[in-house]
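The structure under discussion appears below in the form of structure tokens.
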Amino acid sequence: MHKTFVMIKCDGVARGLIGKLVARLESKGLTILAMKMIKMTSKKAKSLYKEHKGKVFFEKLIKFTTSSPVVVMVVGGIGKTHEEFIKMVKHYIIGNSNCQVADGGTIRADFGVSCTNRNVIHTSATIRDANREIRMFFKPSEIMKYNRADHDWIYGDIERESVY
């Protein structure tokens, strides 16, 4: 099972969307392997968004991310490759970071209200980012290993390894 990092941002938490957003992830066949609500520190926020350092919106993004609780998660699923899985989650479930141009049916298109900060959710862009972001927020012992009861219905004949 491949893994990636997902974070429900401050606006998603404040708007009471946690349940709806988790349900959207699960309804697409993703498995929640770890989840917790935290108050993001400035240091962690700067590390999470380090690729944006120096951009005009960076400080505003850090201030927003640390303004109220967020929900951090490790989600798992199946894909031919880990790269394919990350792309599927980022582009086809979460959507473009600019919610105004995100494809309809993606989380950001359906729930986002801003093209930068207030797009309700963050997910890793690459395998390297996913591994780094997961390590930032979770110890290995906090990440569960299990198959959902509907695992075989969702994935059918796709080649896969059991998570056990």
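Brief remarks follow.
- Gly112 surrounded by 18 or more Cβ atoms within 10 Å (Cβ to Cβ) and in contact with a His (Cβ under 8 Å, 6 or more places away or on another chain): no
- Test result for Lys139, out of contact with any Lys or Arg (no Cβ under 9 Å at 6 or more places or on another chain) and at pLDDT 95 or above: yes
- The one condition in (1) surrounded by fewer than 19 Cβ atoms within 10 Å (Cβ to Cβ); (2) within 16 Å of the chain's Cα centre (by Cα) that Gly79 fails to fulfil: (2)
- Tabulated pairs, the stretch 12-35, first in contact (Cβ under 8 Å) with a residue 24 or more places away in the chain and within 21 Å of Asp152 (Cβ to Cβ), second surrounded by fewer than 20 Cβ atoms within 10 Å (Cβ to Cβ) and of a type in the set (D, E, K, R), C-beta under 6 angstrom, 6+ apart or interchain: Thr31/Arg148
- Ile62 vs. criteria farther than 18 Å from Lys9 by Cα, touching a helix residue (DSSP H, G or I) at 6+ places or on another chain (Cβ under 6 Å) and modelled with pLDDT under 95: no
The values are calculated or read from the model by the stated rules, or taken from the named source; none is laboratory data. A quick note: this is a predicted structure, and the numbers were derived from the prediction, not measured. Counting neighbours? That spans all protein chains shown, and the Cβs are built from the backbone with ideal geometry, glycine included.
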